[in-house]
Amino acid sequence: MTHVVVLSDTHHIVKSLSLLIQTDPSLHVLDATRDVIGNMDQLPDNSVIIVDMNVDNIELFIEQFSGKYRVILYSGSLELMDIPIHLQSTGCRYFNAYTSPEEIIKILMGCV
C-alpha cells in the first residue's frame, strides 16, 4: 500500500485529490494534520507527498523530503514559471488540474 499526503492550503484541493486517491484500493490518504506534518520524517517509506505549488516554503518541503519520499508537485494552473526549475533540480514528478484522473493515479503509483 502506498501512503499519500496532500499538502495544500486550499481545502477543496485537498478534498478533491483525497477523493481521487481513495478510488484506488492500493493508495491510502494520510490526513495532513499538524501531527503528520510535524513528524513527516516518520512517514512509512512508501509514502508519496503531493505538494501544491502555492504552499508557502515549497522549496523547504521539496528539499527536506525529496530524498526520502517521492514528492509530486501539483498546480491548479498551466502557467507557473517555477515548475521547470523544481523539476530539473529535484527530479520531482508533476501534474496539474488538467491532468486526467487515470494519469494522476499512474503518477502516484510510480508508473510514469
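The values are calculated or read from the model by the stated rules, or taken from the named source; none is laboratory data. Predicted, not measured: the structure shown is a model, and the values here were computed from it. Neighbour counts run over all protein chains shown; Cβ positions are idealised from the backbone, glycine included. Please note that ligands, DNA and RNA were not included when accessible areas were found on the heavy atoms of the full protein model with its side chains. Shrake-Rupley method; radii C 1.70, N 1.55, O 1.52, S 1.80 Å.
Structural remarks
- Estimated distance in nm for a label pair at S16 and V55, the labels positioned 7 Å out from Cα along Cα-to-Cβ: 1.7
- The Cβ shell under 13 Å around D24 holds other residues with a net charge of -1, Lys and Arg each +1, Asp and Glu each -1.
- Theoretical FRET efficiency, 1/(1+(r/R0)^6), r = Cβ-Cβ of D24 and S77, R0 25 Å, to 0.05: 0.50
- When nucleic acids and ligands are ignored and a 1.4 Å probe is applied, D9 ends up with an accessible area of around 120 Å².
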